[in-house]
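Novice: Dropping a structure here in structure tokens format, bear with me for questions.
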Amino acid sequence: MSEQLNDEQLAEYEAKMAGDDYSNKAPRKAKQFWPSAKRLLGLLTPYKIALIFVFLMNAGSVLLAVWAPRVMGRAMDVIFSGAISRQLPEGTTAQQAVDGLRAAGQDRFADMAEAMDLNPGHGIDFDRLRSLILMVLALYVVASLLMWAQGAILNKLTMRAVFDLRERVQAKINHLPLSYFDSRQRGDVMSRTTNDVDNVQQALQQSLSSLFNALLTLVGIIIMMFSISWQLAFVALLAIPLTGAVMGVVGTRSQKQFVTQWKATGDLNGHVEEAFTGHDVATIFGRSEQIRAEFDERNEDLATAAQKAQFLANSMHPIMQFIGSLSYVAIAVLGGLKVASGKLTLGDATAFIQYSRQLNQPLGEVAGMMQMLQSGVASAERVFELLDAEEEEPEKTTATDAAGEGGVTQGLVEFDHVDFSYSPDTPLIQDLSLRVEPGQTAAIVGPTGAGKTTLVNLIMRFYEIDAGAIRLDGTDIRDLTRAELRSRIGMVLQDAVLFKGTIMENIRYGRLDATDEEVIAAARATYVDRFVRTLPDGYDTEIDQDGGSISAGERQLITIARAFLSQPGLLILDEATSSVDTRTEVLVQEAMNALRSNRTSFVIAHRLSTIRDADLIIVMQNGKIAEQGTHEELLARRGTYFELNQSQFSEEA
């Protein structure tokens, strides 16, 4: 971008393009929770049949688990009734036994006995007790098996959904225009594609099933509580509005803090990447302490945001526990009175108390899972923003995959009254016309911000022109697919970009189906073979992404060999010698001369001495062609090119 816009234009362009970018602004508020959550759950839509089956198993598991305490209450009644029955005279009926207790003045005991299933003179019915206990065990075993099975299936579904999401994100990255990445920190984009997607996965895996299970359990417990005693149920349910109030207040604040946390994570990632990339420069200029201070500041921001988010999230559980304890005390007192008055059996009271204790668990789970879901939704919003970003302009329906006669690129390039601007308010290139004949070398020179790199970016269709046309061999490049157009163009950038792998693999990147012999031939033609032969492992030498094991000049030669192997019909060299020393520049120039042979070439260069032999020199100024001609012709005119040449000559002197 530094070669495309001046500082003022760049600032304005980035401000417009950044939009909702998280990199340079204070964290904005999250979108509405429910629409975002609905879209997040929509990731599972392709698996809705399996998801319905999972939910049915979950519902079955909850039903069995909720029914078990009621059966256990019946077992308690069998034990208690048996113990009381044994103390009553045999041969009497249950009603006679109750009447006898009343006659003896034991009214409260009589009320309790009246609610029991008494069999005077007999003890505990162990056969019935055994069957009830076995039933409880069976209910819990089947419920656990169903829960395990649905968890295993749901885990597979969510992993598949996240896999699909990653695929969509990767595909989206490949369809985003260059302007999207120019206006955003790479660290923030990486954070959206890695950290945020991981957080979405965690939210779907852990919160979806648990939240559904907790809600079903909550409903089931409430139904069972009302079936035992509606008065006790109302007392127990007083905890729910209190819980809702806590979730409404604390949960909303927590969600905002999670958004801030993930924004801070993106900022920190961007700074770390920048620090690693520019480590050498920072060391040279003594800026290590400044970078460390910036890291500490951003790390502090992240720590503060994470601390606030986690504090709010973790504070919900003890609050829920306190509310549940208050509810338990009230239920125990009122339930005891009901048992004493005969309005409730001891088994039902035991079951109800167990339900009341279980009520706190799903309430706490709902609160905790909502926090996790809110964090996941905050991350999902960032991922969705990436997926919703405007893509490259769609290909024309008539776009073809053939250029030139028989699909062979001759190399005729024409700019026909081309207009282009990064921002509608700031025109850059206006009414530019240019013709470069097949086989010619066209050098583009001019001051910083003149539009040199913009010109070649338009040829590559990294940006779309606003008006006019650019033609390759007489065909408008918009009538070709981007893939076909770019497959016919070789580009050597100012920064030599290599990938982790061997030297052989990095050269073969230019044409993946090339044989080893073709790769070595390209290396020989571009002088790579000279230094590769001196390496212990030769072409199998492993290099890292930055090519740290070899010099800058050698890295540049490898990129030239890569372009040579692709055999492009059109060649673009963007400041390809600016980062190498003068001695290495000679070798690089020879390699580029071999690469330019018999093909149309565009060369962007600051060193005018490297393009004196160009067939056409184009002098750019303020987005327009100020002059064009050969080296001798332009010097004779004593215009802009002459001034640039004199300026460089003076600096070199």
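Novice: Determine if the range 298-310 includes at least one residue that is exposed (fewer than 13 other Cβ atoms within 10 Å of the Cβ) and more than 30 Å from residue 271 (Cα to Cα).
Specialist: Within the range 298-310, none of the residues are exposed (fewer than 13 other Cβ atoms within 10 Å of the Cβ) and more than 30 Å from residue 271 (Cα to Cα).
Novice: Sticking with this one: Mind checking which residues of the range 583-624 are of a type in the set (S, T, N, Q), at pLDDT 85 or above and either assigned to a loop (DSSP other than H, G, I, E, B) or closer than 19 Å to residue 437 by Cβ (or both)? Talk me through it step by step, then tell me what you get.
Specialist: Initially, the range 583-624 is screened for residues of a type in the set (S, T, N, Q), giving 584, 589, 593, 597-598, 600-601, 609-610, 621-622.
Retained after the next criterion (residues that are at pLDDT 85 or above): 600-601, 621-622.
Result: 600, 601, 622.
Novice: Can you tell me how many residues within the range 65-79 are open to solvent by less than 40 Å² (accessible area, probe 1.4 Å) and not acidic (Asp, Glu)?
Specialist: 9
Novice: Going by what's in this entry, would residue 17 be described as assigned to a helix (DSSP H, G or I), in contact with a Ser or Thr (Cβ under 7 Å, 6 or more places away or on another chain) and at pLDDT 80 or above?
Specialist: Criteria not met by residue 17.
Novice: Answer with yes or no whether residue 257 is polar (S, T, N, Q), under 23 Å from residue 374 (Cα atoms) and in contact with a helix residue (DSSP H, G or I) (Cβ under 8 Å, 6 or more places away or on another chain). Even if it seems obvious, please write down each step before you answer.
Specialist: Numbers: polar (S, T, N, Q): yes; under 23 Å from residue 374 (Cα atoms): yes; in contact with a helix residue (DSSP H, G or I) (Cβ under 8 Å, 6 or more places away or on another chain): yes.
When the stated conditions are applied, residue 257 passes them.
Novice: Determine whether residue 268 is under 23 Å from the mean Cα position of the chain (by Cα) and modelled with pLDDT of 80 or more.
Specialist: yes
Novice: Only residues that are open to solvent by 20 Å² or more (accessible area, probe 1.4 Å) and either closer than 30 Å to residue 428 by Cβ or touching a strand residue (DSSP E or B) at 6+ places or on another chain (Cβ under 6 Å) (or both): list them for the range 590-615, please.
Specialist: Of everything in the range 590-615, those that are open to solvent by 20 Å² or more (accessible area, probe 1.4 Å) and either closer than 30 Å to residue 428 by Cβ or touching a strand residue (DSSP E or B) at 6+ places or on another chain (Cβ under 6 Å) (or both) turn out to be 596, 599, 606, 607, 609, 610, 612, 613, 615.
Novice: Now for a separate question. Within the range 564-582, how many residues are at pLDDT 85 or above and under 17 Å from residue 459 (Cα atoms)?
Specialist: Selection size over the range 564-582: 6.
Novice: Just checking: which of the helices (runs of 4 or more DSSP H) contained wholly in the range 402-512 hold 1 or more residues that are free of Cβ contacts under 8 Å to residues at least 12 places away in the same chain, in contact with a Pro (Cβ under 8 Å, 6 or more places away or on another chain) and open to solvent by less than 50 Å² (accessible area, probe 1.4 Å)? Give the steps one after another, and end with the answer.
Specialist: On the way: elements: 452-459, 482-487, 503-508.
Result: empty, no element qualifies.
Novice: Looking at (1) more than 15 Å from residue 241 (Cα to Cα); (2) touching a residue at least 40 places away in the same chain (Cβ under 8 Å); (3) open to solvent by less than 70 Å² (accessible area, probe 1.4 Å), can you tell me which one residue 364 breaks?
Specialist: (1) is the only condition that residue 364 fails.
Novice: Among the residues of the range 128-147, are any surrounded by 14 or more Cβ atoms within 10 Å (Cβ to Cβ), part of a helix (DSSP H, G or I), at pLDDT 90 or above and touching a Pro at 6+ places or on another chain (Cβ under 9 Å)?
Specialist: The answer is yes, given that some residue of the range 128-147 is surrounded by 14 or more Cβ atoms within 10 Å (Cβ to Cβ), part of a helix (DSSP H, G or I), at pLDDT 90 or above and touching a Pro at 6+ places or on another chain (Cβ under 9 Å).
Novice: Checking the conditions here, which among 244, 286 is free of Cβ contacts under 8 Å to residues at least 24 places away in the same chain and within 30 Å of residue 186 (Cβ to Cβ)?
Specialist: On the way: 244 fails: within 30 Å of residue 186 (Cβ to Cβ).
After ruling out the rest, the residue left standing is 286.
Novice: Quick check on this structure: which one of 466, 473, 479 is closer than 27 Å to residue 431 by Cα and touching a Leu at 6+ places or on another chain (Cβ under 6 Å)?
Specialist: Exactly one residue qualifies, and that residue is 473.
Novice: Are there any pairs with C-beta distances below 7 angstrom linking a residue in the range 517-538 that is open to solvent by less than 50 Å² (accessible area, probe 1.4 Å) to a residue that is assigned to a loop (DSSP other than H, G, I, E, B), with the two at least 6 apart or on different chains, and if so which?
Specialist: 535/541
This table checks each residue for (1) under 26 Å from residue 154 (Cβ atoms); (2) open to solvent by 40 Å² or more (accessible area, probe 1.4 Å); (3) among the β-branched types (Val, Ile, Thr).
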{"position": "189", "(1), (2), (3)": "no, no, yes"}
{"position": "200", "(1), (2), (3)": "yes, no, yes"}
{"position": "212", "(1), (2), (3)": "yes, yes, no"}
{"position": "223", "(1), (2), (3)": "yes, yes, yes"}
{"position": "227", "(1), (2), (3)": "no, yes, no"}
{"position": "233", "(1), (2), (3)": "no, no, no"}
{"position": "240", "(1), (2), (3)": "no, yes, yes"}
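Novice: Scan the range 170-180 residue by residue and report those that are modelled with pLDDT of 85 or more, more than 19 Å from residue 160 (Cβ to Cβ) and either open to solvent by 20 Å² or more (accessible area, probe 1.4 Å) or not aromatic (Phe, Trp, Tyr) (or both). Give the derivation first.
Specialist: Taking the range 170-180 first, the residues modelled with pLDDT of 85 or more are 170-177, 180.
Pick out the ones that are also more than 19 Å from residue 160 (Cβ to Cβ) and you get 173-177, 180.
Residues satisfying the conditions are 173, 174, 175, 176, 177.
The values are calculated or read from the model by the stated rules, or taken from the named source; none is laboratory data. Note that the structure is predicted; figures quoted are calculated from it, not measured. As a convention, Cβ positions derive from the backbone with ideal geometry for all residues, glycine included, and neighbour counts pool all protein chains shown. In case anyone asks, the SASA skips ligands and DNA or RNA and just uses the protein heavy atoms, side chains included. Shrake-Rupley method; radii C 1.70, N 1.55, O 1.52, S 1.80 Å.
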